[in-house]
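Below you'll find the structure, written out as structure tokens, and then a few comments.
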Amino acid sequence: MKKCVLLAFLICQAFLSMAQEFKVVGYYTPTKNPEEIQIDLLTHINYAFAIPAKTGDTILPIANPENLIRTEKFVHKHGKQIFISIGGWGIGDGGGDDTRFHKMAERAEGRHTFVKNVMAFVRKYNMDGIDLDWEYPDEDSPSANHYVALVNELGDALHKENKKLTAAVISYGKKGYGTKNEVFEKMDWLNLMAYDDDYGPSYVIAHSPYSLALKSLNYWLVERGLPAKKATLGLPFYSKKGMGNYGPSYKDLLKDGASPYDDYWKGAFYNGMLTIEEKTKLAKKRGLAGVMIWEISSDTNNEWSLLKAIRRGY
């Protein structure tokens, strides 16, 4: 009898372990109280953002450090992990101006000082890891090699203290080659930003359809050879109106009358519950580490929640 009970316990633990292996990584900008986060539906929080200093060798003091401390305590209380995300599209100098990263990474001394200061931040605020959001090191240029050198040094420093290193990367295309295959080993996983694919045409198109998820996975897993267990599929909780024009968040669309089951409302393309669930199933089927969300404050806390749709997907 005892053996049967023990066997049943081990089987339950095995299934629990398998479920926990699927990551649900949510970027969080401190626009809401951390206690309002649906933490039971997430495995990791990427706190966004810490901004590199113009000197290129450190990061600026975090805005509202009290909120970061409060978030860290809340996340760890529930047995989940919290990373600090460094960079972002805005990064302090305007959309896509990554001069600060270039300036830091082009010199060995700059990389070393940056890593030293970042590790001090990790220890001070009890972070579980770093999410490197450099958008983007350039393909066919020295910055691609500088990125490799930075990742090697930062990854070694983090892993030595049992911390993790991840990075946000473009969904597909030539620009993705600025992230060389040499960084795959040191990265615990890459967050594939499979959204914002609406630049170019003069007409409004969906910025994150299901087909983009397929295209992104084909690029990174097949063409580039990234192991599936080192990839999370990015899911948008916001809308766009074409040519880079951002629309309302998912929760604001619903307030305006949009359906949680659809993907379009009044000129804005978004991902409703059905699309989010299908993308999650795709990530599970392809053996990915999990999914990633930009950004969890845009979700609802009711039955129309996209995080709940993700849970149904795996």
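Read-outs: derived from the displayed coordinates by stated rules, not from any lab. Computed from a prediction, not measured in an experiment: that's the story for all the values here. Cβ: placed from backbone, ideal geometry, glycine included. Neighbour counts: every protein chain shown.
Projecting the Cα atoms of SER211, GLY287, GLY247 onto the charge dipole of the range 21-313 (Cβ charges, centred on the Cα centre) puts GLY287 farthest toward the positive pole. Binning the C-alpha pair distances of the range 210-281 at 5 Å intervals from 0 yields a P(r) profile of 3, 15, 24, 20, 16, 11, 8, 3, 1 %, listed from the shortest bin outward. Using every pair of distinct Cα positions in the range 179-222, the Kirkwood expression returns a hydrodynamic radius of 12.2 angstrom. Decide, for the chain, between rounded, prolate and oblate: order the square roots of the alpha carbon gyration tensor eigenvalues as a ≥ b ≥ c, take rounded if a/c falls under 1.5, and otherwise choose prolate if a/b is larger than b/c, else oblate. Rounded, because the longest to shortest axis ratio a/c is under 1.5. Charged neighbours of LYS308, selected by a Cβ distance under 14 Å, balance to -1 (K, R count +1; D, E count -1). Local charge for ARG100 was computed over the other residues whose Cβ lies under 11 Å away, with Lys and Arg +1 and Asp and Glu -1, and equals -2. Hey, with R₀ at 35 Å, roughly what FRET efficiency would THR55 and VAL222 work out to, going by the Cβ-Cβ distance, to 0.05? Once the sixth-power term is evaluated, E becomes 0.30. DSSP assigns beta bridges within the chain; of those with both partners inside it, close to 15 percent run antiparallel. Taking other residues whose beta carbon is less than 10 angstrom from the beta carbon of ASN126, and scoring Lys, Arg as +1 and Asp, Glu as -1, yields +1. Looking at the range 28-158, the DSSP beta bridges with both ends there are about 10 percent antiparallel.
In terms of its C-alpha gyration tensor, the range 38-116 has a prolate overall shape, because the principal axis ratio a/c (a ≥ b ≥ c, square roots of the eigenvalues) is not below 1.5 and a/b outweighs b/c.
Between TYR199 and ASP93, the simple spin-label model (points 7 angstrom out along Cα→Cβ) gives 1.7 nm.
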